[in-house]
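The values are calculated or read from the model by the stated rules, or taken from the named source; none is laboratory data. Note that the coordinates shown come from a computational prediction; the quantities given were computed from them, not determined experimentally. Positions of Cβ are backbone-derived with ideal geometry, glycine not excepted, and every protein chain shown enters the neighbour counts.
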Amino acid sequence: MPRFWANVIGNQLVWLCAVIGAGHGLRWPALVAAAAYVGSQLALSAQPSVELRLMLVAIGCGVVVDGLAGASGWVLYAAGNEPAWVAPVWILALWAAFAMTLTVSFAVLQRHLVIATLVGLLLAPLAYLSAARGWSSVVFATPQWHGVLLLGIGWAIALPVLAACARHWQRHAASMRPLVPGETR
């Protein structure tokens, strides 16, 4: 249970560092917080290679989802990159940190891909809205619902893909683990 809480709280701290930093025009708080969090989660992981692969896929999802959101003009990111269609590095740091939750605090989504889709569609945009309203690190063009819907659809696709990858890679890694004498598969 301690790893569960470290996973949840650590991810939330990364989110806070990222959105507050970006709201002040800074990228480095997200990078430092994400690096510390990812490093700690990798050190605690029984399958760090799974976590690393998930992180790479999650960053790829962030490049696509947040890159499209920025390119649409419906979502503007503080401390963003030029051109606007390139996802900001602080957002990609958040995707990397989020990947660390897929085998711990969000592991339940591996078995329930429909729920993962709904979480992506409904809850992920709330994080962006919170970042927009609380720290102005994200700005939605009028009408706001265009950007919110775009992010929701992106996350509704990305989250079940990430959850399915986590499930597959964890099973594969477990099947490749050497047997302890007397253990059977």
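For residue 87, all conditions in the list (1) closer than 19 Å to residue 21 by Cβ; (2) surrounded by fewer than 17 Cβ atoms within 10 Å (Cβ to Cβ) hold save one; what is the number of the exception?
(2)
Please work out which residue is surrounded by the fewest Cβ atoms within 10 Å (Cβ to Cβ), limiting yourself to segment 56-71 and to residues that are in contact with a Leu (Cβ under 6 Å, 6 or more places away or on another chain) and closer than 17 Å to residue 137 by Cα.
62
When the residues of segment 58-109 are filtered to those that are of a type in the set (Phe, Trp, Tyr) and in contact (Cβ under 8 Å) with a residue 24 or more places away in the chain, which remaining residue is farthest from residue 14 (Cα to Cα)? Lay out the reasoning, then the answer.
Filtering segment 58-109 for residues of a type in the set (Phe, Trp, Tyr) gives 74, 77, 85, 90, 95, 98, 106.
Now narrow it down to the ones that are in contact (Cβ under 8 Å) with a residue 24 or more places away in the chain: 74, 77, 90, 95, 98, 106.
Details: 74: 25, 77: 17, 90: 10, 95: 10, 98: 9, 106: 16 Å.
Among residues in segment 58-109 that are of a type in the set (Phe, Trp, Tyr) and in contact (Cβ under 8 Å) with a residue 24 or more places away in the chain, the one farthest from residue 14 (Cα to Cα) is 74.
Pull up segment 43-55, narrow it to residues that are assigned to a helix (DSSP H, G or I) and without any contact (Cβ under 8 Å) to a residue 12 or more places away in the chain, then point me to the one that is surrounded by the most Cβ atoms within 10 Å (Cβ to Cβ).
In this case the residue turns out to be 52.
Can we say residue 137 is modelled with pLDDT of 95 or more, under 23 Å from residue 9 (Cα atoms) and within 13 Å of the chain's Cα centre (by Cα)? Give the derivation first.
Values: modelled with pLDDT of 95 or more: yes; under 23 Å from residue 9 (Cα atoms): yes; within 13 Å of the chain's Cα centre (by Cα): no.
So residue 137 fails the test.
Residue under question is residue 171, and the condition is that it be within 20 Å of the chain's Cα centre (by Cα), charged (D, E, K, R) and under 22 Å from residue 49 (Cα atoms); does it hold?
no
Step by step: first the residues of segment 1-56, then only those that are among the β-branched types (Val, Ile, Thr) and touching a Phe, Trp or Tyr at 6+ places or on another chain (Cβ under 8 Å), then the one that is nearest to residue 108 (Cα to Cα). Which residue is that?
My answer is 50.
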